[in-house]
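Beneath this line is the structure, given in structure tokens, with notes to follow.
The values are calculated or read from the model by the stated rules, or taken from the named source; none is laboratory data. Owing to the predicted nature of the structure, the values given are computational and were not obtained by experimental measurement. Cβ atoms come from the backbone with ideal geometry, glycine included; neighbour counts cover every protein chain shown.
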Amino acid sequence: MLTVIVIFNSVWLCAQHNYKSSFRVGLKLGYSFHTLTGDLTNSYAVGDLLAGFWFQLKMNKKWTAQTELLLLDKGIGDSQFRMKSPHQVNLHYFEIPILFQYHSKNMYFEFGPGLGYLINREEHLNGNVSPDLVNEYPFSNSELSFNIGFGFLLNEKWALGLRLSHSLLPVREAVPSVSKTSYNRLFALSLTRQLKKKKTSNPQE
């Protein structure tokens, strides 16, 4: 968390020094498909809603920096279809991406790291609510990921985006003779809505 704050504060100070920037804030709502590598059984990707808000800082005419606070789910299997999925994992995260965005007309491209904090987890394996391996090989309480994506500005207030996120560090170590190291992988489609825009005059313009 501290690393994310330091990165964005550095970007903020740089932008304020070099370019009297405007900023925007807004809401985000989306739908994601996610999987967990190193699965214990043959499972499938599952979809869930995600929601949060974002803060965007203009660095210059082409570049913006954006941070977000998202509530989202990751993992494999679906609790509604537990009988069909031999292994089901629900990982609930608060996630803070730090994104650098390049704008070209009505399109933008983005990339950057993300820090997730695990707030709750649920795992079901072969009908057991709490398998023994879960206690011996728990999921990490934090996740460091990398994000890359692009989007379209529908108008001044609405935008549609696609994003791929993948863990940079394992979220669970390999269970001996059972699985490989586990990483989260997520593909999200989201719709954003701008709430407020404030401009500061730029003497260079």
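Report whether or not Ser182 is modelled with pLDDT under 85, among the hydroxyl-bearing types (Ser, Thr, Tyr) and on the phi < 0 side of the Ramachandran plot. Taking the combined requirement at face value, the residue does not satisfy it. Residue count for the stretch 136-179 under the criterion of being in contact (Cβ under 8 Å) with a residue 40 or more places away in the chain, closer than 24 Å to Tyr117 by Cβ and more than 17 Å from the chain's Cα centre (by Cα): the result is 5.
Among the residues of the stretch 86-102, some residue qualifies, meaning at least one is among the hydroxyl-bearing types (Ser, Thr, Tyr), more than 15 Å from the chain's Cα centre (by Cα), modelled with pLDDT of 95 or more and over 15 Å from Ser165 (Cβ atoms).
If I ask for residues that are of a type in the set (S, T, N, Q) and in contact with a helix residue (DSSP H, G or I) (Cβ under 7 Å, 6 or more places away or on another chain), which ones from the stretch 42-75 would you list? The one that is of a type in the set (S, T, N, Q) and in contact with a helix residue (DSSP H, G or I) (Cβ under 7 Å, 6 or more places away or on another chain): Thr67. Among the residues of the stretch 58-78, which ones are part of a loop (DSSP other than H, G, I, E, B) and surrounded by fewer than 18 Cβ atoms within 10 Å (Cβ to Cβ)? The answer is Asn60, Lys61, Lys62, Asp78.
Is it fair to say Phe55 is among the hydrophobic types (A, V, I, L, M, F, W, C), part of a strand (DSSP E or B) and modelled with pLDDT under 95? Break it down into steps so the answer makes sense when it comes.
Working: among the hydrophobic types (A, V, I, L, M, F, W, C): yes; part of a strand (DSSP E or B): yes; modelled with pLDDT under 95: yes.
Spelling it out, Phe55 is indeed among the hydrophobic types (A, V, I, L, M, F, W, C), part of a strand (DSSP E or B) and modelled with pLDDT under 95.
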